[in-house]
1. Can A:Val417 be described as surrounded by fewer than 18 Cβ atoms within 10 Å (Cβ to Cβ), of a type in the set (Val, Ile, Thr) and within 13 Å of another protein chain (Cβ to nearest Cβ)?
2. Tell me, which residue of region A:297-351 that is among the acidic types (Asp, Glu), closer than 30 Å to A:Asn430 by Cα and assigned to a loop (DSSP other than H, G, I, E, B) is nearest to the other protein chains (Cβ to nearest Cβ)?
3. Which fully enclosed helices (runs of 4 or more DSSP H) of region A:383-480 have 1 or more residues being among the acidic types (Asp, Glu)?
4. So B:Val93 clears everything in (1) at the interface with chain A (Cβ under 7 Å from one of its Cβ atoms); (2) surrounded by 13 or more Cβ atoms within 10 Å (Cβ to Cβ); (3) over 30 Å from A:Ile311 (Cα atoms) except one condition, right? Which one?
5. Among the residues of region B:17-37, what is the count of those that are free of Cβ contacts under 8 Å to residues at least 24 places away in the same chain and either touching a Leu at 6+ places or on another chain (Cβ under 9 Å) or not basic (Lys, Arg) (or both)?
6. In region A:267-296, what count of residues is obtained for those that are in contact with an Asp or Glu (Cβ under 9 Å, 6 or more places away or on another chain) and in a strand (DSSP E or B)?
7. Being more than 9 Å from chain A (Cβ to nearest Cβ) and among the aliphatic types (A, V, I, L, M) is the filter; apply it to region B:51-70 and report the residue that is farthest from the chain's Cα centre (by Cα).
8. If you check every pair at least six apart or on different chains, which have Cβ atoms under 7 Å apart with a residue in region A:209-238 that is within 14 Å of chain B (Cβ to nearest Cβ) first and a residue that is among the aromatic types (Phe, Trp, Tyr) and surrounded by fewer than 24 Cβ atoms within 10 Å (Cβ to Cβ) second?
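Only the coordinates and a few stated rules stand behind these numbers; no lab work does. Values in this document were obtained by computation on a predicted structure and should not be read as measured data. Don't worry about glycine lacking a Cβ; one is built from the backbone with ideal geometry, like all the others, and counts go over all protein chains shown.
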Amino acid sequence: MTNLTSLSLLEQIDGLKNKKFSSEELTSDYLKKIHKKNKDLNCFISIDDSAIEKAKECDERISKNKGNILEGIPIAHKDIFCIKDQRTTCGSKMLDNFISPYSSTVYEKLSNAGVITLGKTNMDEFAMGSSNETSFYGNVKNPIDLERVPGGSSGGSAAAVSANLCSFSTGTDTGGSIRQPAAFCGITGIKPTYGRVSRWGMIAFASSLDQGGIFAKNALDASLALENISGFDPKDSTSINKKVPSLLKEASSKDMDHIVGIPKSIITNIKDAKVKNNFEESIKILENSGIKIKEIELPNLEYALPAYYVIAPAECSANLSRYDGVRFGHRCEDPVDLNDLYSRSRAEGFGDEVKKRILIGTYCLSAGYYDAYYIKAQKIRNLIKESFSNAFKEVSSIAMPTCANVSFKLNSIQSPVEMYEQDIYTIPANLAGLPAMSVPSGKINNLPLGIQFIGDYLKEGIILNIANKFQEQTDFHKQI
Amino acid sequence: MKISEETLNNISALSKIKIDDDIKPKLIEDLEAIMAMVDEMNKIDTDKVEPMSHPIGDAQNLREDISDKNIDRDAFQKHAPKTDDGFYLTPKVIEQND
């Protein structure tokens with residue numbers, strides 16, 4: 001019998017629909033495997049064994065031909081998405097005891113489409129990190145090499161798909177938190193246009209940058225999953241009120257022509273010769289599939305990292321002020337007064353990286369520094385957005401590496417700035433609010449690398465189509 | 001960018017995060033390194049550039065100003081650290097004069 005857990009999402013949908021196997025069998029296989037593998041990988045914070053009962057209900061609906069598009073498909077959610085009456089920790093001691101009184105739109109949409117939740121995945125605390133080492137629940141390990149990190153912040157969701165513990169999972173991307181772990185774990189990850197996916201019930205880090213997205217085994221699976229979490233939500237004031245096209249149809253279209261832009265100065269400056277070589281080889285693969293390549297200028301992207309480390313901490317310092325030990329979350333023992341309650345609850349509840357970012361944000365927003373840091377960073381943000389808009393007059397997508405390196409060993413990066421540089425190629429798309437995705441592009445010493453495609457606003461279908469064309473020519477995405 | 005202990009104490013007070021003395025030297029070192037990276041921003045002239053606060057330039061969607069009954073106080077307060085009769089409890093804020 002086929003190993004059900006190694007099937008892709010589209011294969012699973014086909015198998016369930018044609019009664020080759022049941023959702024109960026599929027869910028049971030996944031749960032057994034999760035209980036076994038999670039001891040090593042630590043990619044789940046909570047596992048929901050009641051998924052089996054839900055699978056039986058799905059099978060019932062499928063047997064009556066009443067199943068929805070994703071009926072009976074078991075998946076995992078990053079533990080940043082609230083689920084009513086379930087624990088949602090965001091990887092933090094602050095929310096260790098938090099039971100959400102409501103559900104996120106992403107969860108609701110997927111549940112309505114028929115999916116079953118296998119559990120909630122581990123992540124860097126409040127999505128702040130690039131290695132999953134800042135989680136209160138311990139680091140996730142990379143399924144490809146257990147001595148290495150899975151990337152972050154959505155490391156648990158990436159590791160779960162890579163280890164065949166689900167065929168797709170949800171994640172969030174504020175500065176690269178879907179694309180970098182996707183690259184490190186050898187899978188496909190997409191962050192859509194800012195506003196495409198509702199942020200309702202998705203715990204906030206930096207609200208003008210946060211965006212929900214998908215990890216999957218390939219671009220076609222990702223397109224169908226993304227389509228099912230996208231769309232206007234009146235509960236999110238930054239949600240885009242535009243119809244979502246059939247992304248699966250666009251991703252698999254044979255009629256799209258593309259010109260992919262290669263930002264010359266960025267590629268010239270890639271430090272690691274093997275990473276550079278892998279990128280150049282990937283471009284040749286694109287050319288072989290009939291895609292036109294054009295060298296472009298993409299000025300000022302070198303300022304994205306410093307601008308991001310003002311904007312993201314500034315927004316985080318405001319967002320995380322809600323954790324005060326009064327209404328929900330961790331509260332210190334025996335506070336002597338209100339100030340002691342706030343200061344000690346926050347000191348005990350937040351980990352070191354989160355505290356560092358709140359302090360940086362508070363500093364940049366404080367009197368006398370606001371213009372020099374916050375306004376300056378917002379001006380650079382505008383320049384970056386302009387660079388992209390100019391580029392999109394000439395090309396339909398922009399390609400660059402997802403990361404400057406492959407996955408690194410656990411605890412090997414101690415300097416905060418060195419860790420922040422992990423996101424050097426992913427941050428620009430967040431600052432501009434553009435859709436971007438990472439697909440596997442080969443390996444260095446058996447460790448996967450990713451190529452990143454950035455698209456224009458609301459053009460998820462274009463980058464998914466390019467990614468699919470790339471995957472039709474390669475089998476890197478099948479090497480996990 | 002130098003960050004003095006006084007500055008750290010000030011932002012710690014503003015952030016309402018108590019910082020123990022023994023971790024201050026390492027924390028200052030990290031914050032200085034981050035701010036040195038941030039200061040790279042000054043290499044570019046942005047005098048004539050407008051600041052961009054959000055990827056969506058248009059006005060945000062606002063719903064009709066009509067009350068709905070979506071918020072169930074009991075459900076929200078069930079997981080609060082301390083409540084009494086629908087109120088959240090904190091240590092005493094106003095001192096009483098006898």
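1. Considered against the rule, which asks whether it is surrounded by fewer than 18 Cβ atoms within 10 Å (Cβ to Cβ), of a type in the set (Val, Ile, Thr) and within 13 Å of another protein chain (Cβ to nearest Cβ), A:Val417 comes out as yes.
2. A:Asp324
3. Ranges flagged: A:416-420, A:460-473.
4. So the condition that B:Val93 fails would be (2).
5. Residues that pass the stated criteria total 14.
6. Matching residues across region A:267-296 total 4.
7. B:Ile66
8. A:Asp233/A:Trp200; A:Lys235/A:Trp200; A:Asp236/A:Trp200
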